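Before any comments, here is the structure.
The values are calculated or read from the model by the stated rules, or taken from the named source; none is laboratory data. Computed from a predicted structure; not experimentally measured. A quick note on method: Cβ atoms are made from the backbone with ideal geometry, for glycine too, and the neighbour counts reach across all protein chains shown.
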Amino acid sequence: MIPQNFEYSAPTSLKEALALIAKGDAKVLAGGMSLIPLMKLRLAAPEHVVDLSRIADLKSVHEDGKGEFPGGALHLGALATHFEIESSALVRSKCPLLAEVASNIGDVQVRNVGTIGGSTAHADPAADYPAGLMALEAKVHLTTAKGERTLPIDQFIVDALSTALKPNELVREIIVPVETRGTGFSYQKLAQPASGFAVVGVAARVRKSAGKVTFVRVGVTGLAGKAFRATRVEKLLEGTSGSAADIQKAAAQAAEGVDANTDLHASADYRRQMTKVFTARALTQALSRAD
Amino acid sequence: MATTITKTETLVGKRIRRKEDPRLITGTATYVDDIQMPGMHHACILRSPHGAARIRSINIKPAINQAGVVAVFIGKDIEAVGPVPCGASLPGLRVPAHSILAKDRVYYVGHPVAVAVATDRYIARDAIDLIEVDYEPLQAVSDPEKALEPGAPAVHPEWPDNTAFTFHQEGGEPEKAFKEAEVVVKQRITSQRLVPTSIETRGVVADYRSAEKNLTLYSSTQIPHLLRTLVAQMLGLAENRMRVITPEVGGGFGSKLNVYAEEALMGFVAMKIGKPVKWIESRRENFLCTIHGRGHVDYYEIAARRDGTVLGLRLKLIQDLGAYHQLLTPAIPTLSVLMMPGLYKFRNVIADIVGVFTNCVPTDAYRGAGRPEATHGIERMMDLLALELKMDPAELRLKNFPGKGEFPYLTATGLSYDSGDYAAPLKKALDMVDYHKLRNAQRDAKAKGRLMGIGISTYGEICAFGPSPATPAGGWESATVKIEPSGKVTVLTGTSPHGQGEETTFAQIAADELGVSMDDIIVLHGDTSIVQYGIGTFGSRSTAVGGPALYYALQDLKAKIKKFGEMLLESDDVTCSGGQCICNKTGKTIEFAQIAAASYRAMKLPPNTEPGLMATHFWEPPNFAFPFGAHIVVSEVDRDTGQVEIQRYVAVDDCVNIINPLLVDGQIHGGVAQGLGQALCEQAVYDENAQLITGELMDYALPKASTMPYIETGHTITPSPVNPLGVKGVGEAGTIGCSPAVVNSVVDALSHLGVRHIDMPLTSEKLWKLVRQGGQA
Ligand SMILES: Cc1cc2nc3c(=O)[nH]c(=O)nc-3n(C[C@H](O)[C@H](O)[C@H](O)COP(=O)(O)OP(=O)(O)OC[C@H]3O[C@@H](n4cnc5c(N)ncnc54)[C@H](O)[C@@H]3O)c2cc1C
């Protein structure tokens, strides 16, 4: 399992990195948990690998009071590892859903090196983060040598392994809202038995007020080529009392109209059904955590 | 009369930590890939991407022109090298010519086509991408039942029926038994193909010294001596000019009980280029080219009386052999047939095996080798019979065991079960789970709609391979014990431990027999230039056959120590114990170290005694050993998702005397893990073009530490007459007992839906469908 020959640079500033990738046929390396296996299998053979790991700028995890969301935002540097997000006191208190999603990724070794920027840029249809990022309506902050832009997550991820990233562009940070007090959350996942990736994974956020469900966000990964927000489920549950029957009725719509993936581990039919089951489970737990 | 030893503290029977562990845990052990040599080159092998294809032409020029590439060899270059050996012989066996590189045709994905040799492993890997092979793809077949259909693609054109052999075995009067039966139960049962997936893949370093005509082969193998004999033959080398060294081996599970093309190929390359060469198997190659295990489609029928008495057993066994015979490929299903009655008194049996060629990598021995398949079959059938008769599965089993007094018990397949009390472990396991209470709990759970099941399996295992007449290469084992001039003890064993821990257990045995500290003993193995000939480690044999060899060598040595003791103490009333000889009259003592020094210095010798303290024993076992046991599994199926949760796992094994309970527990745990793998998640899946679609760890699901249940172990002890240590093997027991207990529990959980049988692996989707469709798969 040996990759093809490649050139390797490890710039220490973002500017340097952007200049290097602007030259063409370069691939950036973050945690390497997706890129290196592809290179070893020779399914990817970049001429130039630009290692981002020494760029301190990309590691910052901080809160920004004004920022992108009305209630404040968390800015997660692209190089923040799954483990950092899972264990960060800031993320756990301000955006606990994301910490819960991160804790479900792979195993300890993978979480120690894999990054949120890498996972988002890779856009694996079975990755966990996208479910959470959809439910959070996260934004992706991108940068090139020439300028910056910010895209909502559902515009950033285009399809399986395909994003809106331009060849000379980097993910700089992922921006998620600071969670409103009282929001219940949950991430529920059926893991593929070999890889641990999601056969389906469902992230939910809910709010209640005066015995009514006032706010629902559901993100689904694994089912389709691209993670998505299950808006039908959201609409059906909003305004109800959030009873078990309400949850079942709403969750039953989770896979409606979706072209489901099929593979050795799960047929399209099974995936669809599991999406409903895990949506119901995520909503149930989220509601039990909301107050 | 042998020396009497008054033991002060005995080590046999104690939970002693492994002597091997410090080097393994600190990462200082040497595996094949750790070996570096001056001038060492690296090899990489180009393999067929097709399940079946004709090779029209091969152009090696672009590769050979590359800087750093020193040689590329293809099929026509290796004409002089002998075929990959098959050690098994069966009447009428068709043995395809198995050359170490493909010639004009490839037979499975991964078939070696060319080898590139370069100054470093990166250049070697790049070079194989530059070799141009013009293939004409042919129709391939991967399903053994499809391969038997008329008109199926012929794996080997000379044998269009794809049948490598048929094998018939019969005992008693099976036809009569089925005619007289009050009830007959039938079921098709599969044991899917599995990938052994040792953590360390295979690897070889070959070093040829042309001036001496000596070839040293470092290989990650379970059988260093057999490998030397067979590779020397393949390469036309004098056996005494070849040395095989087995460094640390990171798992074998049977997959390294073999002689592989690459082992001879690296010898060939080293001889050609006059430089040492290394080849390390990639994980992908390990999936594609190292033997797989299992691969059975079995059609079972059992005949019984309504009261549950079993009468007859009929089996049609279709064995997926793959494209070639590796060392023991065709022999494995014959072990299944030998063990097909399990622990029950089937007096009338009939079995037919069809060995089928497919365009897949060969199957061969994988932990349990033939016995997990047999146990899975009979234990599923006993449950089906219990279901049919509405009998409790434990009661049905207890009813059909031979009694304690019936041993040695001669089976209808011609084996003599050495010793046993088969009810004992089952009763113990039933007690451990509090069976009657558990059945009540299950009734309550089911009433509440929960899918809870209880599965029982009992197993008997043929192990301690084996009496030489019943094995392809000799079934004895050897040991040498030396007391060095300083008094330190060196044990050389012909077995080849690779994780089992015999460096520890053999030191325990020697320490007890000699009365010396374990720290003064070292156990060496796995180097044909150091260790006398031996057979190796497989078939749960090392302690059960290698142990007695060591025991007898120790008795010879002790007799000699006593002679020197008597001479030096000038007394004929001497006792040897605690590392010294004592004169019983005067109380004078002399240390082994002094005796050893005197024996080597040899100023004076006892009558008819040679200098030095060393003894070698080759032990031939009179029979196999037949350990047995019972496993009980409590499981629950998630109605919504089909996921199985193992709530309890109880394993009671009877491997008789336990030398080190810590290591026996470890063997049971590891064995159960691999059994759970087969039962729940592992499967090597080839598509209709014979492409392996579970060819990496991202798709081939192994059990993980986090998915393992807590295993409650128990033991019973039924003395065995087979060897002086009273030991039986335990390396494969956990695997053999496991899969039927798991499947029986899940079928039990779903039986009220009409589910009678489920083939492995019990994936969540499969179970979810059964639940949803009310039992109709
Ligand atoms: C054994 C194993 C199990 C796993 N299990 C799971 C699981 O259960 N769930 C799950 O979600 N994931 C899983 N993963 C994948 C893991 O989460 C990876 O970490 C993640 O997919 C990629 O992150 P990375 O930092 O390793 O990126 P890399 O592998 O370094 O890069 C991935 C891709 O993103 C690009 N890239 C990286 N950073 C940037 C950036 N800042 N800007 C633009 N492009 C960038 C790279 O060029 C490359 O194309 C598993 C991986 C392994 C090896």
(Q) I'd like to check something: does region B:706-715 contain any residue that is in contact with a Cys (Cβ under 9 Å, 6 or more places away or on another chain) and more than 14 Å from every other protein chain (Cβ to nearest Cβ)? (A) yes
(Q) For region A:212-229, check the following and say yes or no: at least one residue is of a type outside the set (Asp, Glu) and free of Cβ contacts under 8 Å to residues at least 24 places away in the same chain. (A) no
(Q) Take the residues in region A:26-58 that are within 12 Å of the ligand (Cβ to nearest atom) and among the acidic types (Asp, Glu); name whichever of them is nearest to A:ASN168 (Cα to Cα). (A) A:ASP51
Q) For residues in region A:17-35 being in a helix (DSSP H, G or I) and crowded, with 16+ Cβ neighbours inside 10 Å, which is farthest from the other protein chains (Cβ to nearest Cβ)? A) A:LEU18
Q) Tell me, which helices (runs of 4 or more DSSP H) lie completely within region A:59-144 with 1 or more residues that are more than 12 Å from the ligand (Cβ to nearest atom), surrounded by fewer than 24 Cβ atoms within 10 Å (Cβ to Cβ) and touching a residue at least 40 places away in the same chain (Cβ under 8 Å)? A) A:89-94, A:96-103
Q) Which one is nearest to B:GLY714 (Cα to Cα), of the residues in region B:627-669 that are of a type outside the set (A, V, I, L, M) and within 14 Å of another protein chain (Cβ to nearest Cβ)? A) B:GLU645
Q) Taking B:GLY729, is it touching a Pro at 6+ places or on another chain (Cβ under 7 Å), closer than 24 Å to B:PRO196 by Cα and at pLDDT below 95? A) yes
(Q) When you check B:PHE268 against the structure, is it out of contact with any Lys or Arg (no Cβ under 7 Å at 6 or more places or on another chain), part of a helix (DSSP H, G or I) and away from every other protein chain (no Cβ under 14 Å), yes or no? (A) yes
Q | Those residues of region B:501-525 which are in a loop (DSSP other than H, G, I, E, B) and touching a helix residue (DSSP H, G or I) at 6+ places or on another chain (Cβ under 6 Å), in sequence order | A | B:GLY501
Q: Tell me, please, whether a residue that is crowded, with 24+ Cβ neighbours inside 10 Å, away from every other protein chain (no Cβ under 14 Å) and either of a type in the set (Asp, Glu) or closer than 29 Å to B:GLN678 by Cβ (or both) can be found in region B:234-246.
A: yes
(Q) If I filter region A:32-49 for residues that are assigned by TED's automatic domain parsing to the domain that holds A:VAL171, at positive phi and touching a residue at least 40 places away in the same chain (Cβ under 8 Å), do I get at least one hit? (A) no
Q. How many residues, within region A:4-25, are more than 12 Å from the ligand (Cβ to nearest atom) and of a type in the set (A, V, I, L, M)?
A. 4
Q) Does region B:200-217 hold any residues that are part of a strand (DSSP E or B), surrounded by fewer than 17 Cβ atoms within 10 Å (Cβ to Cβ) and in contact with a helix residue (DSSP H, G or I) (Cβ under 6 Å, 6 or more places away or on another chain), and which are they? A) B:ASN214
Q: Name the residue, out of B:VAL771, B:VAL722, B:VAL730, B:VAL755, that is among the β-branched types (Val, Ile, Thr) and in a helix (DSSP H, G or I).
A: B:VAL771
Q) Does region B:346-368 hold any residues that are farther than 27 Å from B:GLU149 by Cα and either under 24 Å from the mean Cα position of the chain (by Cα) or surrounded by fewer than 24 Cβ atoms within 10 Å (Cβ to Cβ) (or both), and which are they? A) B:ARG347, B:ASN348, B:TYR366, B:ARG367, B:GLY368
Q: Determine which single condition A:ASN168 fails, assuming it passes every other condition in (1) of a type outside the set (A, V, I, L, M); (2) more than 24 Å from A:LEU35 (Cβ to Cβ); (3) more than 16 Å from the chain's Cα centre (by Cα).
A: (2)
(Q) Suppose we filter region B:707-719 for residues that are of a type in the set (Ser, Thr, Tyr) and farther than 25 Å from B:GLN674 by Cβ; how many remain? (A) 1
Q) Which number in (1) touching a Lys or Arg at 6+ places or on another chain (Cβ under 7 Å); (2) more than 24 Å from B:SER764 (Cα to Cα) marks the one condition that B:GLY695 misses? A) (2)
Q) Among the candidates A:PRO125, A:PRO167, A:PRO152, A:PRO130, which residue alone is touching a strand residue (DSSP E or B) at 6+ places or on another chain (Cβ under 9 Å) and modelled with pLDDT under 95? A) A:PRO167
Q) Does region A:186-198 include one or more residues that are in contact (Cβ under 8 Å) with a residue 12 or more places away in the chain, surrounded by 22 or more Cβ atoms within 10 Å (Cβ to Cβ) and more than 14 Å from every other protein chain (Cβ to nearest Cβ)? A) yes
Q.
Against the definition (surrounded by fewer than 17 Cβ atoms within 10 Å (Cβ to Cβ), within 15 Å of the ligand (Cβ to nearest atom) and either of a type in the set (Val, Ile, Thr) or part of a strand (DSSP E or B) (or both)), how does A:ARG172 come out, yes or no?
A. no
(Q) A:ALA26 - would you say it is without any contact (Cβ under 8 Å) to a residue 40 or more places away in the chain and among the small types (Gly, Ala, Ser)? (A) yes
Q. Among the residues of region B:53-81, how many are assigned to a loop (DSSP other than H, G, I, E, B) and in contact with a strand residue (DSSP E or B) (Cβ under 7 Å, 6 or more places away or on another chain)?
A. 2
Q: Answer yes or no as to whether A:GLY222 is within 14 Å of the ligand (Cβ to nearest atom), at positive phi and either within 14 Å of chain B (Cβ to nearest Cβ) or polar (S, T, N, Q) (or both).
A: yes
Q) Going through region A:175-210 one residue at a time, which ones are within 9 Å of the ligand (Cβ to nearest atom) and not aliphatic (A, V, I, L, M)? A) A:LYS189, A:GLN192, A:SER195, A:GLY196, A:PHE197, A:GLY201
Q: Determine whether B:GLY252 is over 23 Å from B:GLY236 (Cα atoms) and either away from chain A (no Cβ under 14 Å) or among the polar types (S, T, N, Q) (or both).
A: yes
Q. How many residues does region B:419-461 hold that are touching a residue at least 60 places away in the same chain (Cβ under 8 Å) and under 15 Å from B:THR716 (Cβ atoms)?
A. 15
**Q.** Residue tally, condition in contact with an Asp or Glu (Cβ under 6 Å, 6 or more places away or on another chain), closer than 17 Å to B:ILE245 by Cβ and among the hydrophobic types (A, V, I, L, M, F, W, C), over region B:488-509
**A.** 0
